[in-house]
Amino acid sequence: MSKISIKNMDLFYGDFQALKNVNLEIPEKEVTAFIGPSGCGKSTLLKSLNRMNDLVSDCRITGDILLDGDNIYAKNYNVNLLRKRVGMVFQQPNPFPKSIYDNIAYGPRTHGIKDKHRLDEIVERSLKQAAIWDEVKDKLNKNALSISGGQQQRICIARALAVEPEVLLMDEPTSALDPISTNKIEDLVRQLRSDYTIVIVTHNMQQAGRVSDKTAFFLVGEICEFGDTAQIFQNPHDKRTEDYISGKFG
Ligand SMILES: Nc1ncnc2c1ncn2[C@@H]1O[C@H](COP(=O)(O)OP(=O)(O)O)[C@@H](O)[C@H]1O
Ligand SMILES: [Mg+2]
């Protein structure tokens, strides 16, 4: 079943068309990878899925994006609720300059949870889910910027999970990290896929192969090919996909 359906979507930044007639079905509780050369629209499409592009003044979208069948660009759609349901993790770890605890409690607090015991529970659950609890449980009051980049990224994942999203968008979440931290995040993505719908942009094709169920290959604003990850990598139907994954360009 599709968690997100993208239908005949075009996206313009001013006069520049960054996405062309995108049609994509993102399955529920699976990992979908977006791959392709730099500048081909992967981040643009990812950000469209929780309306982060609303913040770009000259960005215009036509077509439909449905979450559980509802058009997220419909006039009265609740964007705050959308961003709670569809969380995001960025390339550069970006914890708030606050304590580890307050980073995780931030979202739940903005959604009205004030009870200390409840917040404690959420913080512990989220940090455990993000596989960082053991490393930080004795320093929850330390500034989140004082820990390593790999740990900060898992704090950002925990922060996203704290509001119990249904979908997690990750834009090159390991490209600023060392190999050991990268492994930890990849393990985490594989664990989270049983409970969440995950969309991950990666420029690392091995990573797409390791963590994803489905792969969409982008080329200059279009989805050139979409299918099971094994098929895309072992038996691409489109010559351009084959050329890209065999390293001929990009
Ligand atoms: N805010 C913006 N304003 C204008 N053009 C943009 C903006 N963001 C991205 N673009 C352009 O849209 C295209 C796709 O960018 P992006 O989605 O970031 O690609 P990718 O993530 O695949 O590298 C690029 O040509 C980029 O320069
Ligand atoms: Mg990008």
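Data overview
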quantity	calculated
Axial C-alpha extent at least 30 Å, average Kyte-Doolittle at least 0.0 - helices from the chain (DSSP)	none
Selection from P108, G87, G227, by position along the positive dipole direction of the chain (Cβ)	P108
Estimated [θ] at 222 nm from DSSP helical runs (n ≥ 4, -39500 (n - 2.57)) normalised by residues in the chain, nearest 500	-10000 deg cm²/dmol
Nearest-20 debye value, the chain charge dipole, Cβ charges on Lys, Arg, Asp, Glu	640
Alpha-carbon centroids, the range 1-76 and the range 164-232: separation in whole Å	16
Accessible-area order (highest first, 1.4 angstrom probe) of the listed residues K184, K42	K184, K42
Counting DSSP beta bridges with both ends in the range 95-250, the antiparallel % (nearest 5)	60
Gyration tensor verdict on the range 83-135 (Cα atoms; rounded if a/c is under 1.5, prolate if a/b is larger than b/c, oblate otherwise)	oblate
Selection from M205, Q153, Y13, by position along the positive dipole direction of the chain (Cβ)	Q153
Amide H partners (placed H, <5 Å) of V89, local residues excluded	L169, M170, D171
With DNA, RNA and ligands ignored, accessible area of F96 (1.4 Å probe; Å², nearest 10)	60
Gyration tensor (alpha-carbon) shape descriptor, the range 1-84, a/c threshold 1.5	oblate
Aspartates and glutamates with Cα under 14 Å of K239, excluding same-chain neighbours fewer than 8 positions away	E225
Accessible surface, per residue, of the range 72-183 when the full set of protein chains is kept, probe 1.4 Å, Å²	49
Rounded, prolate or oblate (a/c below 1.5 giving rounded, otherwise prolate when a/b exceeds b/c) for the range 15-54 by Cα gyration tensor	prolate
Test item: Cα-centred dipole of the range 17-61, Lys/Arg +1 and Asp/Glu -1 on Cβ, debye	120
Contact order normalised by residue count of the range 121-250, Cα under 8 Å, 6+ apart, percent	17
Vicinal HN-Hα couplings computed from phi for the range 205-215 (Karplus, 6.51 cos²θ - 1.76 cosθ + 1.60; Hz; Gly/Pro x)	5, 4, 5, 4, x, 6, 10, 9, 8, 10, 9
Relative packing of 167-173, 199-205, 238-244, which averages over residues the other C-beta atoms within 10 Å, highest first	167-173, 199-205, 238-244
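The values are calculated or read from the model by the stated rules, or taken from the named source; none is laboratory data. Please read all numbers here as calculations on a predicted model, not as lab measurements. Reconstructed Cβ throughout: ideal geometry from the backbone, glycine too, with neighbour counts over all protein chains shown. Note: accessible area is taken over every heavy atom of the protein model, side chains too, but ligands, DNA and RNA are not part of it. Shrake-Rupley method; radii C 1.70, N 1.55, O 1.52, S 1.80 Å.
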